[in-house]
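Visitor: Dropping the structure in here first, questions after.
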Amino acid sequence: MADESKAINYVMEASSGPHFSGRRLDSAAAAASPSPTPTPTPSSYPFRDFPTHKQPFVIGVSGGTASGKTTVCDMIIQQLHDHRVVLVNQDSFYRGLTPAELKRVHEYNFDHPDAFDTEQLLECAEKLKSGQSVHIPIYDFKTHQRCSDDFRQVNASDVIILEGILVFHDQRVRNMMNMKIFVDTDADVRLARRIRRDTVERGRDINSVLEQYAKFVKPAFDDFILPSKKYADVVIPRGGDNHVAIDLIVQHIHTKLGQHDLCKIYPNVYVIQSTFQIRGMHTLIRDRDISKHDFVFYSDRVIRLVVEHGLGHLPFTEKQVVTPTGSVYTGVDFCKKLCGVSIVRSGESMENALRACCKGIKIGKILIHRHGDNGKQLIYEKLPKDICERHVLLLDPVLATGNSANEAIELLIQKGVPESHIIFLNLISAPEGIHCVCKRFPSLKIVTSEIDVGLNGEFQVIPGMGEFGDRYFGTDD
């Protein structure tokens, strides 16, 4: 996501009827990621350890006072009309002033991090991420107190937007966000908007607004808000007036919402875009009654798509060529230092597709023999001598527990291959295997065509497609 965000940010800097879930007033009072063990057992993978609900996409929107954060949020919500979206304002979590503070309210700094109940904000955000409803407090800006009886009930949604001047200040809050947006607006424009807002909506006079701005608002912006801009994935100049930026952000969010939840947790996991063709081929190769000939034919088609997608993640260099018309075409040159490594024996089924895509490519072998499902032992490896200088496409059609994959990856790293130079290609992956590999090798990329439900007690991928190597090479019963 970091590379995509940088690309969007570049465009942002260069560019000159919402559906709310459960937003109502009510008078009533009202999860950590699993850590797979290196050698799992069936009880190590209870399905309760993995998200049973669709993980929401969390967006943080920060910026100076009156920069247009709320306008940007409203525009995003309006364009995400086909998804359930909820907006949580940091302003709702202001601490109520004590009687002593109320007597000297003009000396109170509302723009300091200590003015907010960040712990309660965290608690509410974590509950929303886990699929629970929450009660959001309501703050009265005229009395500087929370309404004791009223609250806003917010239900779990597809998208959660956390908006506020200091939502990037606390690292714990930042870590919950899938995308961080900073609204960057000229200081004079922000001051004019603040004067208009505070005099009209909050009953303050101009002198008190200017005095508060000079004494607290501007220093707090310089000390706390502006420094948090560095954490933003996307910077929007001119706020709500920048329609191009907001359109690009919404397109990016739509793309992410269509991804599997694990792709949001691990940005280096890629699932090729599903089509009816791909779903149809998966339907065929998963059918236990399909003939061997058809199984091989349709498996080869899906493997070819996975390989092509994996090659798209390799580095490239710009190259110009002259076309038959005498024109110059500016394109890219393929990565030259490349090899494949198959995990014997199922991985060998993917070699033909790789050779068809990369003429003359070198392919190494790794054989890992298992002593039962709880043990593993490398018994053979034959790799190119200069493999440490190459990008490696690691081939294995099924990622189940991740044990064999981890052994193979560890061997490649011992041979000098940088972790970030390894792309692991497979047809189907179990969530347990993805967790196991990505936790241990976060810089490695995984490219797969589908992520299945999980593993059963016999470590089989469910729904899966059985013993792939036996079915492909015709050695099954």
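Visitor: Tell me, which residue of the range 56-89 that is among the polar types (S, T, N, Q) and within 21 Å of Asp158 (Cβ to Cβ) is nearest to the chain's Cα centre (by Cα)?
Guide: Filtering first and then ranking leaves Gln79.
Visitor: Hey, another quick one. Tell me yes or no: at least one residue of the range 284-301 is under 24 Å from Asp476 (Cα atoms), loosely packed, with under 12 Cβ neighbours inside 10 Å and either in contact with a Cys (Cβ under 9 Å, 6 or more places away or on another chain) or among the polar types (S, T, N, Q) (or both).
Guide: Looking through the range 284-301, at least one residue is under 24 Å from Asp476 (Cα atoms), loosely packed, with under 12 Cβ neighbours inside 10 Å and either in contact with a Cys (Cβ under 9 Å, 6 or more places away or on another chain) or among the polar types (S, T, N, Q) (or both).
Each row is one residue, and each column tells you yes or no for (1) surrounded by 15 or more Cβ atoms within 10 Å (Cβ to Cβ); (2) in a helix (DSSP H, G or I); (3) of a type in the set (D, E, K, R).
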| position | (1), (2), (3) |
| --- | --- |
| Glu211 | no, yes, yes |
| Pro219 | no, yes, no |
| Pro227 | no, yes, no |
| Ile236 | yes, no, no |
| Ile246 | yes, yes, no |
| Ile249 | yes, yes, no |
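Visitor: If you don't mind, there's one more thing I want to ask. Residues of the range 91-114 being more than 35 Å from the chain's Cα centre (by Cα) and in a helix (DSSP H, G or I), which ones?
Guide: Pro99, Ala100, Glu101, Leu102, Lys103, Val105, His106, Glu107
Visitor: Would you mind listing the strands (runs of 3 or more DSSP E) fully within the range 130-209 where at least 2 residues are under 23 Å from Val58 (Cα atoms), in contact with a Pro (Cβ under 9 Å, 6 or more places away or on another chain) and assigned by TED's automatic domain parsing to the domain that holds Val234?
Guide: Result: 145-154, 159-163, 179-184.
For every residue, the table says whether it meets (1) among the hydrophobic types (A, V, I, L, M, F, W, C); (2) at pLDDT 95 or above.
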{"site": "Asn374", "(1), (2)": "no, no"}
{"site": "Leu378", "(1), (2)": "yes, no"}
{"site": "Asp386", "(1), (2)": "no, no"}
{"site": "Leu394", "(1), (2)": "yes, yes"}
{"site": "Ile423", "(1), (2)": "yes, yes"}
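Visitor: May I pose another question? Confirm whether Asn89 is of a type in the set (S, T, N, Q) and in contact with a helix residue (DSSP H, G or I) (Cβ under 7 Å, 6 or more places away or on another chain).
Guide: no
Visitor: Still on this structure, please answer the following. Residue check: is Ile423 surrounded by 14 or more Cβ atoms within 10 Å (Cβ to Cβ), under 29 Å from Lys337 (Cα atoms) and assigned by TED's automatic domain parsing to the domain that holds Pro315?
Guide: In short, yes.
Visitor: Now a separate question. Name the pairs whose Cβ atoms lie under 6 Å apart, with the first residue in the range 88-107 and outside the structural domain of Thr118 (by TED's automatic domain parsing) and farther than 30 Å from Phe57 by Cβ, the second of a type in the set (D, E, K, R) and exposed (fewer than 14 other Cβ atoms within 10 Å of the Cβ), and 6 or more positions between them or separate chains?
Guide: Short answer, once both residue conditions are applied: none.
Visitor: Next question. Does Ile363 satisfy the condition of being within 19 Å of Ile423 (Cβ to Cβ) and under 31 Å from the mean Cα position of the chain (by Cα)?
Guide: No, not satisfied.
Visitor: Would you check if there is a residue in the range 223-237 being of a type in the set (D, E, K, R), out of contact with any helix residue (DSSP H, G or I) (no Cβ under 8 Å at 6 or more places or on another chain) and not assigned by TED's automatic domain parsing to the domain that holds Val159?
Guide: No, the range 223-237 contains no residue that is of a type in the set (D, E, K, R), out of contact with any helix residue (DSSP H, G or I) (no Cβ under 8 Å at 6 or more places or on another chain) and not assigned by TED's automatic domain parsing to the domain that holds Val159.
Visitor: Over 20 Å from the mean Cα position of the chain (by Cα), of a type in the set (A, V, I, L, M, F, W, C) and over 14 Å from Tyr270 (Cβ atoms): is that true of Leu427 in this structure?
Guide: Answer is no for this residue.
Visitor: Another question, then. Could you list all residues from the range 164-177 that are more than 19 Å from the chain's Cα centre (by Cα) and within 19 Å of Ile76 (Cα to Cα)?
Guide: Gly164, Ile165
Visitor: Can you tell which of Val447, Val453 is of a type in the set (Val, Ile, Thr), modelled with pLDDT under 95 and either surrounded by fewer than 22 Cβ atoms within 10 Å (Cβ to Cβ) or under 28 Å from Gly258 (Cβ atoms) (or both)?
Guide: Of the residues listed, the single one that is of a type in the set (Val, Ile, Thr), modelled with pLDDT under 95 and either surrounded by fewer than 22 Cβ atoms within 10 Å (Cβ to Cβ) or under 28 Å from Gly258 (Cβ atoms) (or both) is Val453.
Visitor: Could you grab the pairs with beta carbons closer than 8 Å, sequence gap of 6+ or different chains, first residue in the range 381-395 and at negative phi, second one in a helix (DSSP H, G or I) and surrounded by fewer than 22 Cβ atoms within 10 Å (Cβ to Cβ)?
Guide: What qualifies is Glu381/Leu411; Leu393/Leu311; Leu395/Glu348; Leu395/Glu351.
Visitor: Any idea which of (1) surrounded by fewer than 22 Cβ atoms within 10 Å (Cβ to Cβ); (2) among the charged types (D, E, K, R); (3) out of contact with any Pro (no Cβ under 9 Å at 6 or more places or on another chain); (4) closer than 30 Å to Lys292 by Cβ is the one Glu410 doesn't satisfy?
Guide: (4)
The values are calculated or read from the model by the stated rules, or taken from the named source; none is laboratory data. Quick caveat, the model's predicted, so the values are computed rather than measured. Cβ sites come from the backbone with ideal geometry, for glycine too, and all protein chains shown count toward neighbours.
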